[in-house]
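**Student:** Here it is, the structure in full.
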Amino acid sequence: ALEDWEAEGRPGARTTFASTSDYFAGKNPAGHFQILDFGTTLLGREGQISALDDFAADPNQRVCILSGRGGIGKSKLLFDWANSRPKEVIFLKDEPLWHGDSEKEIPSDCKFVIVDDAHRQLDFGKIPQLLQDTSANKNLKLIVATRPGSKEGLFHQITKKIDTSTILRLPDLEELTKDQSRALAEQVLGDEFGNFAEHLAVIGSNSPLVIVAGGRL
């Protein structure tokens, strides 16, 4: 039983990493109403999903950097992609507690470490160091999501430990189209208030009160 627990990455005792379900449970706590949660259908990100799939399959790529402004849908994109392969992904916690056995929190069959909002991680440098240390016996890949203003600094930190040629830098996420914004608004508003979806899609990100983007209303 202890061997199985170790192989699964010590579930229930993690302080540095979290499974996809545990990581996003904190962002959608039970009993708390949220206008837009991660249960909506992902829209307009087919290209990015395909790029992540290609990255996963490419043996020569080790790190993928995904960037976009706050609220544009980076976390939602990662949520959907990670849920397509739940046993292969683990997330760095938002406020990780690093310790001597942090590496053992990564399951033996894990293939991807995801750092969402990497610009907020004060100890981000520990992640590329972990990949360097485990390269001999693991085939871990790293996916980093960040704001555009922070991607160069994070890229520089990564290249201290990881070969530049193995790093994939995706283009910044763009706004959804008007039709995609309308479809998202219709999901959130439901049948009763769906007639307002058109107005919200037109307002889009220009309103200080209502934003309809890849990840936020």
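Readers should treat all values here as calculations from the given coordinates under stated rules, not as data from a laboratory. Keep in mind that this is a model prediction, so the values were computed, not measured. Counting neighbours? That spans all protein chains shown, and the Cβs are built from the backbone with ideal geometry, glycine included.
**Student:** List, in the order given, every pair from Lys87/Lys178; Lys76/Lys178; Lys111/Lys151; Lys93/Lys178 whose Cα-Cα distance in the structure shown is over 30 Å.
**Tutor:** Listed pairs above 30 Å: Lys87/Lys178; Lys93/Lys178.
**Student:** If a/c stays under 1.5 just call it rounded; otherwise compare a/b with b/c (prolate if a/b is bigger, oblate if not). Do that for segment 51-174, with a ≥ b ≥ c from the square roots of the Cα gyration tensor eigenvalues.
**Tutor:** Rounded is the answer for segment 51-174, as its axis ratio a/c remains below 1.5.
**Student:** Let me ask you something else. Add +1 for every Lys or Arg and -1 for every Asp or Glu among the other residues with Cβ under 9 Å from the Cβ of Gly68, and state the total.
**Tutor:** Charge balance in the 9 Å sphere: +1.
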